[in-house]
Amino acid sequence: MKLEIQNISKKYNKEKYGLKDFSMTIEKGILGLLGPNGAGKSTLLKMIATVSKPSNGTILLNKNNITKDANYIRKQLGFLPQDFGVYPNLNAYEFLEYMAAMKGVGGKNLQPRITQLLEGLNLIDAAKKPIGSYSGGMKQRVGIAQALINSPKILIFDEPTVGLDPEERVRFRNLISDLANNCIVILSSHIVSDIDTIADQVAILKNGSLIVKGHQENIIRKVQDKVYETKITKEDYTAFKNSHIIVSTTRKNGDLIVRYISEKPDNNAIKQQANLEDAYLYLTKTN
Ligand SMILES: Nc1ncnc2c1ncn2[C@@H]1O[C@H](COP(=O)(O)OP(=O)(O)OP(=O)(O)O)[C@@H](O)[C@H]1O
Ligand SMILES: [Mg+2]
C-alpha cells in the first residue's frame with residue numbers, strides 16, 4: 001500500500017488556499033495528522049477520500065491516479081468525515097445495514113460483522129434504539145462503525161475522538177491498533193495525546209503546508225534539550241509567557257510551575273524529558 005500526494009493545492013477562492021503545494025507519501029500503518037484549527041487537515045482528508053477535488057496536483061494510490069479514477073480508492077475506503085451526520089430515525093443496526101448496502105457489502109458475513117463492530121464500539125446495548133436518542137459520543141461511535149463496515153484497506157478518520165470519554169478513547173485506540181496491520185490508517189486530531197500512543201508516524205500541518213512528517217522519536221528529537229520546568233510567581237507570569245513557549249502551567253502553593261520550551265534554561269530551571277506535545281507546540285509556534 002502506498003499513497004502518494006503530489007503537489008496538491010486546494011484553492012477555495014481568490015486568496016484562500018486550504019492547502020498549498022502539499023506533498024507527502026503515506027505507507028501502511030497509522031499516520032496521525034496534527035495541526036491547529038484551519039491547518040488544512042480536513043481539506044487534505046476530503047481530497048484523499050475523493051469527496052473534494054484538488055485544484056492542482058495528483059494523488060496516487062498504488063500508482064493509480066485517484067484524482068482521475070476515484071473508484072479505485074472508493075472501493076477500498078472507509079471514511080469518517082468531521083461533520084458526519086446520521087439518520088436519526090434508524091437504529092444502529094439499521095443504519096449499518098443501510099451503509100453496507102450503499103457500499104455493496106452483503107452476504108452471510110454481514111450480520112456477524114455488524115454485531116462485532118457494535119460490540120467493539122460498545123454500542124450493543126443501545127443498538128435497537130433510534131440513533132436520534134444517542135449521546136454525541138455514541139453517534140460518533142456509530143460513525144466509526146460505518147467507516148469500518150466494508151473492511152477497508154484505507155481508513156480515514158477526521159477527528160474520530162471528538163466527544164468520546166476517556167474510556168471510549170482507549171477502546172477506539174485498541175480497535176484501530178488491531179485493524180492497522182495491512183492497512184493505511186490516517187487519523188486527524190488536535191489533541192496530541194489521542195494519537196501519540198497509536199500513531200506509527202506523525203505529520204504536523206499548519207496554514208495549508210506540511211511542517212514535518214516522520215516517526216515520533218525523530219519529531220520529538222527536535223525539542224530535545226529545549227524543554228524545562230521552573231517555578232515562577234503569579235506576578236511574573238505575563239512577562240514569562242510573552243517571552244517563552246509555554247506547554248503547561250500548574251498551581252502549587254500560590255506559585256506556578258511552568259513547563260516551557262526554550263533554547264537555553266533560565267535560572268533554576270530543570271530540564272525535562274521531551275514529548276510529542278512539546279514538539280507539536282514548538283513546531284507550530286515557530287513555523
Ligand atoms: N468550503 C470552504 N470554503 C472556503 N474556505 C474553506 C472551506 N473549507 C475550508 N476552508 C478554509 O481552508 C482552511 C483549512 O480548513 P480545514 O477545514 O481543512 O482545516 P482543519 O485543519 O481541518 O481545521 P479544524 O481543526 O478546525 O477541523 C481554513 O482556513 C478554512 O477556513
Ligand atoms: Mg478539520
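For the pair Ile270 and Asn13 in one chain, pulling the backbone fully straight at 0.36 nm per residue adds 87.7 nm over the alpha carbon distance.
Evaluated with a Cβ-only charge set (Lys, Arg +1; Asp, Glu -1), the chain carries a dipole of roughly 800 debye about its Cα centre, given to the nearest 20. Residue ranges 259-267, 225-233, 28-36, 247-255 sort as 28-36, 225-233, 259-267, 247-255 when ordered by packing (mean number of other C-beta atoms within 10 Å per residue, highest first).
Based on protein heavy atoms only, the range 2-220 ends up with 46 Å² per residue of surface accessible to a 1.4 Å probe.
In this structure, Tyr98 and Lys53 have a Cβ-Cβ separation that, at R0 = 22 Å, corresponds to a calculated FRET efficiency of about 0.25. For the chain, the relative contact order works out to 21 percent when only alpha carbon pairs closer than 8 Å and six or more residues apart are counted. Along the axis of the charge dipole computed for the range 2-220 (Cβ charges of +1 for Lys and Arg, -1 for Asp and Glu, origin at the Cα centre), the listed residues Asn109, Asn62, Ile144 are led at the positive end by Asn62. Rolling a 1.4 Å probe over the protein heavy atoms of the chain, with every protein chain left in place, gives an accessible area that is 46 percent carbon and sulfur. By the Kirkwood approach, averaging reciprocal distances over each pair of separate Cα atoms, the chain gets a hydrodynamic radius of 20.7 Å. Exceedance of the 24 Å cut-off in Cα-Cα distance is limited, within the set Lys75/Lys206; Lys231/Lys271; Lys53/Lys285; Lys2/Lys108, to Lys75/Lys206; Lys53/Lys285; Lys2/Lys108. Distance from the C-alpha centroid of the range 159-234 to that of the range 48-116: 24 Å, rounded to the whole angstrom. Each stretch of four or more DSSP H residues adds -39500 (n - 2.57); spread over every residue of the chain, this sum gives -8500 deg cm²/dmol at 222 nm. Ranking of Arg221, Arg141, Arg173 by solvent-accessible surface, largest first: Arg221, Arg173, Arg141 (1.4 Å probe, protein heavy atoms only, all chains present). Taking all Cα pairs closer than 8 Å and separated by 6 or more residues, the relative contact order of the range 224-286 comes to 45 percent. Here, the range 118-225 has an Rg and a Dmax of 15.6, 54 Å when only alpha carbons are counted. Between Asn207 and Val170, the FRET efficiency from the beta-carbon distance, with R0 = 35 Å, is close to 0.60. Spin-label model, Ser135/Asn218: points 7 Å from Cα along the beta carbon direction are separated by 4.0 nm.
The values are calculated or read from the model by the stated rules, or taken from the named source; none is laboratory data. Just so we're clear, the structure is a prediction, and the values are computed from it rather than from any experiment. All Cβ positions, glycine included, derive from the backbone under ideal geometry; neighbour counts span all protein chains shown. Side chains included, ligands, DNA and RNA excluded: accessible areas come from the protein's heavy atoms. Shrake-Rupley method; radii C 1.70, N 1.55, O 1.52, S 1.80 Å.
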